[in-house]
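*Asks:* My questions all concern the structure below.
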Amino acid sequence: MRKRPEELRSHRWFGVDDLRAFGHRSRLAQMGFSDADWAGKPVIGILNTWSDLSPCHAHFRVRAEEIKRGVWQAGGFPVEIPVLPVTEQYMKPTSMLYRNLLALETEELIRSQPVDGVVLMGGCDKTGPGLIMGALSAGLPAIFFPAGAQLRGHWRGKTLGSGSDAWKYHAELRAGNITQAQWKDMEGGMNRSFGVCMTAGTAATMMLAAEAMGFSLPASAGIPSADAGHPRLATDSGRRIVEMVWEDWTPAAMLTQASVDNAVTATMAFGGSTNAIPHLIAMARRAGLALDLDRFDAISRSVPLVANLRPNNGSYLMEDFFYAGGSRAFLARIAPYLDLDARTVTGRTLGEDIAGAEVFNPDVIRPLEDPIQAEGGLAVLRGSLAPRGAVIKHSAADPRLLQHTGPAIVFESYDDMNARLDDPELDVTPDSVLVLKGAGPLGGPGMPEWGMLPIPKKMLQAGVRDMVRISDARMSGTSYGTCILHVAPESHVGGPLALVRDGDLIRLDTEGRRLDLLVEADELERRASAWAPPPRRYARGYTALFLDRVGQADTGVDFDFLEHGPPTPEPEIH
Ligand code: FES
Ligand code: MG
């Protein structure tokens, strides 16, 4: 069933014969459009997260024009709408504070304006989830257009992975193994083109998850930003969204529980970012579909990790992934673990979208029988230290530390950690467990990426490169090491993490999925009754709203007034 032009949502603004519609049409004329440009055509909003402070989206002004080309060709009327450019590198205290603001803005800009369908231009970490969450709540046909990964980094004859190799070589700088001049030289080779981080970080993970979920065109997640295929993808996306409007191919029509499970499965087999967990939970809840931490762990245990990419103790980067066949080949490889009947933005099934895709380099995208590791990259832990769960990316950890008991060294805040970490007097051994408090959704606020606590200098100089670290923070998708993250409830609200003291023994049992604080219950009760919540630091503005309404890590860090509830009614037009 195809829509008729009079059934378009935008028809209510432009197609009727009253004073308001006169104003709407005269303003199109003001912008230089004749009736022939728009009359009876789907209005396509192109939501663009471009900014001069968003290096990952530096190509988006050009790509928006390429999307428009496709919309015009298919008989639509494109309108570009700037939305909050959540930039990973420059927004402080953390971009995660602003993901929900982008989602809120996306939803409201779609609902309040005359658009029939949208193209979501995102990629840099929080932008994909924020745009998709908002579009799910708005409910119109939507297609995600991913920014694509940067070219490989390059320095002194070595390839560099953004994020991952910055952490790695900074540790070598602090250990005295590279010079300040070499470190400076690396600045120019780390990020060689526009596009998102080319490691298997959060951006690459969420682009892949969006494709597996059915939200973007086939192959889109693997195409590098600088490849000529990327503008072709832009134009294809513009063409397709017009058809989606006529077909009324909304997220509600397309998405099922299978779509969500496919996104999780792809994330696990990719060795994707820990950030995918709160993002995918938030996205699923916006769609009214079920997803919790236990589902992640169950899927992770069932699917092998086959992408041989950094930071998962792997060798390759996203450019290599593309040459090896890209996201279609990857999804085809893990097809036995996917529900191939799930539908996608193409209107076809995922199985049809990936049919015939081949892997060209089995060292990059491994055979199922020769994986990087036998199970997915992430594990969910529970126990007395994390009653509502915690997360570990064991694929990027030192295997020797995955079963470990050691005494805690506690940092009460990020500043406390920075002040004492490199102190020669710090009572630390390779067996110590570094604990950071006050970095959760409310404590950070916004769950900053502090979870890969630096290794104390004393340990670096002794040759130690990994230790067990625990926090209520997140970590960058490009980070690595034995880092236990997203501890819930967080310390700021009095979770057990708040009660840990120096010298307490903590036991990590990754195999058994346990994280326990080995302190007697009556002692913990004494500490709990003496605990007082930290003072509130923000009295006004968006951060105050965030503190009032945000949820914990295990439910996706979304706002309580956005994550559920009936759709907001369509606006009256008068
Ligand atoms: Fe934008 Fe890494 S900084 S994706
Ligand atoms: Mg990141």
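Values in this text are rule-based calculations from the coordinates and carry no lab data. None of these values were measured; they are calculated from a predicted model. Here the Cβ positions follow ideal geometry from the backbone for every residue, glycine too, while neighbour counts run over all protein chains shown.
*Asks:* Say each of GLU247 and ARG27 gets a label point 7 Å from the Cα, pointing the same way as Cα to Cβ; how far apart are those two points in nm?
*Replies:* For GLU247 paired with ARG27, the spin-label model returns 3.2 nm.
*Asks:* Okay, next question. What distance in nm separates the two pseudo spin-label positions at LEU426 and GLN403, each 7 Å out from Cα along the beta-carbon direction?
*Replies:* Distance between label points: 2.9 nm.
*Asks:* What is the helix-to-structure angle for 164-175, meaning the angle in degrees between its Cα long axis and the longest Cα principal axis of the chain, kept from 0 to 90 and rounded to the nearest 10?
*Replies:* The helix 164-175 is inclined about 30 degrees to the chain.
*Asks:* If one takes the longest principal axis of the Cα atoms in the chain, at what angle in degrees, from 0 to 90 and to the nearest 10, does the Cα axis of helix 293-302 lie?
*Replies:* Once rounded, one gets 80 degrees.
*Asks:* Please sort by residue number the GluC sites (Glu not before Pro) in the range 479-574 whose DSSP state is loop and whose Cβ has at most 10 other Cβ atoms within 10 Å. Could the numbers behind the result be given before it?
*Replies:* On the way: sites: GLU490, GLU511, GLU520, GLU523, GLU525, GLU563, GLU572; in loops: GLU490, GLU511, GLU520, GLU572.
Qualifying residues, ordered by number: GLU511, GLU520, GLU572.
*Asks:* Simple spin-label model, 7 Å along Cα-to-Cβ: THR349 to ARG20 in nm?
*Replies:* 4.4
*Asks:* How long are the semi-axes of the ellipsoid equivalent to the chain, from square roots of 5 times the Cα gyration tensor eigenvalues, in whole Å, largest first?
*Replies:* 41, 26, 22
*Asks:* Give a quick list of chymotrypsin sites (Phe, Trp or Tyr not before Pro) in the range 336-433 that DSSP marks as loop, anything other than H, G, I, E or B, with at most 15 other Cβ atoms within 10 Å.
*Replies:* PHE360
*Asks:* If you don't mind, another one. Which of the pairs LYS68/LYS126; LYS3/LYS41; LYS184/LYS457 have their Cα atoms more than 18 Å apart in this structure? Mind showing how you got there, number by number?
*Replies:* Numbers: LYS68/LYS126 24 Å; LYS3/LYS41 11 Å; LYS184/LYS457 20 Å.
Flagged as over cut-off: LYS68/LYS126; LYS184/LYS457.
*Asks:* With r as the distance between the Cβ atoms of GLU6 and ALA298 and R0 = 60 Å, compute the FRET efficiency 1/(1 + (r/R0)^6) and round to 0.05.
*Replies:* So the FRET efficiency works out to roughly 0.80.
*Asks:* If you don't mind, another one. Which order do the peptides 27-33, 196-202, 228-234, 379-385 take when ranked by the mean count of other beta-carbon atoms within 10 Å per residue, highest first?
*Replies:* Descending packing order for the listed peptides: 196-202, 379-385, 228-234, 27-33.
*Asks:* Now a separate question. Run the helix sum for the chain: -39,500 (n - 2.57) per DSSP H stretch of 4+ residues, divided by residue count, reported at 222 nm to the nearest 500 deg cm²/dmol.
*Replies:* It lands at -10500 deg cm²/dmol.
*Asks:* Which FRET efficiency, nearest 0.05, do TYR538 and ASN418 yield, Cβ-Cβ r, R0 25 Å? Could the numbers behind the result be given before it?
*Replies:* Numbers: r = 21 Å, r/R0 = 0.85.
Result of the calculation: an efficiency of 0.70.
*Asks:* While we're looking at this one, here's another question. Quick one: work out the % antiparallel among DSSP beta bridges in the range 430-553, nearest 5. Don't skip to the end; give the middle numbers.
*Replies:* Numbers: 4 of 10 bridges.
Here the antiparallel bridges make up roughly 40 percent for the range 430-553.
*Asks:* Okay, next question. Where both residues lie in the range 342-492, what percent of DSSP beta bridges are antiparallel, nearest 5?
*Replies:* Working: 8 of 18 bridges.
The antiparallel proportion sits near 45 percent.
*Asks:* Report the Cα centroid-to-centroid distance between the range 61-90 and the range 105-124 in angstrom, as an integer.
*Replies:* Computed from Cα coordinates, the inter-centre distance equals 11 Å.
*Asks:* If one takes the longest principal axis of the Cα atoms in the chain, at what angle in degrees, from 0 to 90 and to the nearest 10, does the Cα axis of helix 60-73 lie?
*Replies:* 30
*Asks:* Still on this structure, I have one more. Looking at the chain, send over the antiparallel percent of its DSSP beta bridges, to the nearest 5.
*Replies:* Bridges in the chain are about 45 percent antiparallel.
*Asks:* Turning to a different aspect of this structure: Are there cysteines in the chain with no second cysteine's Cβ under 4.7 Å away, and if so, which?
*Replies:* Here CYS197, CYS483 come out as lacking a disulfide-compatible partner, given the Cβ-Cβ threshold of under 4.7 Å.
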